[in-house]
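Quick one: this structure, given as structure tokens, is what I'll be asking you about.
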Amino acid sequence: MTVQDVFDPSAKRMSAVQLRLNNERAVLTAIATQPGSSAAEIARRSHLAPQTVARLLVDLEGSGLVMRGEARKGYRGQPAVPLYLDPNGVFAIGCELGWQNYRIVLRNLAGEILGEHSRHYEYPSASSIFDEIGSLVRLLSTLVPEENRERLIGLGLAMPANMHRNMRLLGASEAEAGLWQGLNVVQRVREATGLEVFAFNDGNAACWGELVAMGPPRPQNIAYFLISTFVGAGIVADGRLWEGGKGNAANLGGMMVTGSDGKPTFVHLVASLYALQSALARAGIEVPPGMPEFWDWDSFGSVGNEWIEEVSRAIATAIVNTHAMIEPSLVIVDGALPDAVRERVVEAVRTRLGRKPVLEDDYPPIVQGLLGGRAPAMGAALMPIYRRYFSRAAVDMGI
């Protein structure tokens, strides 16, 4: 395989078709980020000629991606017509296939969630979970208006890499874990659902979902942590999601930290629900059933409080190390936790980070995420739509 040097001087020029596609996506992005904009406002924001925008809008409206609102009066000349994304223009399903839960959502082009389902389990069973997901996806698909079913473009699948490696930590047998080794998960999901499947790392999908949810102005450089069964993470660098060569980059949970026993360990094994469940088991406290967002935290007593302190210590250390590498201007910390507990965790991380010594630059501010445990599925539903209709990256436009 020929490897292209990072400083290769050659540049691919856009053909007329690619240039039109670029301009079309610029117009769609302008409408998505400021719904209700007029054609003149879109032209100003996209730096395209008004005549170009007018032609593109006719085509986008004809293809069902854009719709016009009621004309706004009170302006000079002709009344301004607000433009919006047509909710029925595109649909996508997002599915998080996680270590201890799946979550499936159906969204439309306007970002509305039309249906959602989730289930918690001890670990995913390769012999049954695909049939279950397929059944639920078919059920959710019926929520798309029948006349628009062909606009369901597929399913975004968010899942961790190397699913088999940590299965035994969750109590799975060698045989059960072995079923996942070498398994073509994308093919199995495609066969079960009948849809085109787009695979993403769960941390990257969650990070992208949070980036979109936070609204403008969005910083160009973000580090993201999601406390779940293990620790999902993602990085946005220079305005782009950093996925690496295999799509699984930014494994910030894989950073080494010092455990409470003074020995080196991984963030995954300290700042995670797996770590909490292990602590509860040692204390003789039963782990509640169902999704962690609905657990009764008061029943955990001091074990829950001690876990939050351990989480804050590990995440703060990971933030220091991440800051040394990429200088994020913002860090998002979130978790598949009850709202009140998420707030406590984020505040504990802020406090712990504030105690860390500063060598050169100050550490970035810490904010709580908006999506919690829904972030991977939400991002997985969004990314196929974004890449097909909005992204102007060369790889997404076939340049």
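The values are calculated or read from the model by the stated rules, or taken from the named source; none is laboratory data. Note that the coordinates shown come from a computational prediction; the quantities given were computed from them, not determined experimentally. Cβ atoms come from the backbone with ideal geometry, glycine included; neighbour counts cover every protein chain shown.
Can you tell me which condition Arg168 does not meet? The list is (1) within 27 Å of Gly89 (Cβ to Cβ); (2) of a type in the set (Lys, Arg); (3) surrounded by fewer than 18 Cβ atoms within 10 Å (Cβ to Cβ), and all the others hold.
With (1) within 27 Å of Gly89 (Cβ to Cβ); (2) of a type in the set (Lys, Arg); (3) surrounded by fewer than 18 Cβ atoms within 10 Å (Cβ to Cβ) applied to Arg168, the lone miss is (1).
Inspect region 299-310 for any residue being within 20 Å of the chain's Cα centre (by Cα) and not polar (S, T, N, Q) and give the result as yes or no.
Taking every residue of region 299-310 in turn, none turns out to be within 20 Å of the chain's Cα centre (by Cα) and not polar (S, T, N, Q).
Any idea which residue in region 151-165 is surrounded by the most Cβ atoms within 10 Å (Cβ to Cβ), counting only those that are in a loop (DSSP other than H, G, I, E, B) and in contact (Cβ under 8 Å) with a residue 24 or more places away in the chain?
At the first step, the residues of region 151-165 found to be in a loop (DSSP other than H, G, I, E, B) are 160-162.
Those still in the list that are in contact (Cβ under 8 Å) with a residue 24 or more places away in the chain too: 160-161.
Values: Pro160: 22, Ala161: 12.
Looking at the filtered set, the residue picked out is Pro160.
Further question: Could you pull out the residue among Glu122, Glu96 that is closer than 30 Å to Tyr274 by Cβ, of a type in the set (Asp, Glu) and surrounded by 21 or more Cβ atoms within 10 Å (Cβ to Cβ)?
Going through Glu122, Glu96 in turn, the sole match is Glu96.
If Ala175 passes every condition in (1) at pLDDT below 95; (2) buried (at least 21 other Cβ atoms within 10 Å of the Cβ); (3) not charged (D, E, K, R) but one, which one does it miss?
With respect to (1) at pLDDT below 95; (2) buried (at least 21 other Cβ atoms within 10 Å of the Cβ); (3) not charged (D, E, K, R), Ala175 is out only on (2).
Just to be sure I understand, how many residues within region 43-62 are at pLDDT 95 or above and under 29 Å from the mean Cα position of the chain (by Cα)?
So the answer is 2.
Can you tell me which residue among Glu196, Glu176, Glu210, Glu150 is within 12 Å of the chain's Cα centre (by Cα) and of a type in the set (Asp, Glu)?
Glu210
A further question follows. Confirm whether Trp297 is more than 25 Å from Gly111 (Cα to Cα) and in contact with a Pro (Cβ under 8 Å, 6 or more places away or on another chain).
Answer is yes for this residue.
A follow-up question, please. Given Glu306, Glu243, which one is acidic (Asp, Glu) and within 19 Å of Asn201 (Cα to Cα)?
Residue meeting the stated conditions: Glu243.
Of all the residues that make up region 18-33, how many are surrounded by 15 or more Cβ atoms within 10 Å (Cβ to Cβ) and either at pLDDT 95 or above or under 20 Å from Gly111 (Cα atoms) (or both)?
Number of matching residues: 9.
Mind telling me which of the residues Leu280, Leu276, Leu269 ends up being of a type in the set (A, V, I, L, M) and under 19 Å from Gly369 (Cβ atoms)?
Exactly one of Leu280, Leu276, Leu269 is of a type in the set (A, V, I, L, M) and under 19 Å from Gly369 (Cβ atoms), namely Leu276.
Scanning for something crowded, with 20+ Cβ neighbours inside 10 Å and hydrophobic (A, V, I, L, M, F, W, C), does region 317-324 turn up at least one residue?
yes
I would also like to ask the following. Considering each residue of region 180-211, count those that are aliphatic (A, V, I, L, M), farther than 11 Å from Phe130 by Cβ and touching a Ser or Thr at 6+ places or on another chain (Cβ under 9 Å), and give that number.
Looking only at that region, the number is 2.
Name the strands (runs of 3 or more DSSP E) wholly inside region 182-295 in which the number of residues that are without any contact (Cβ under 8 Å) to a residue 24 or more places away in the chain and surrounded by fewer than 15 Cβ atoms within 10 Å (Cβ to Cβ) is 1 or more.
Result: 256-258, 264-266.
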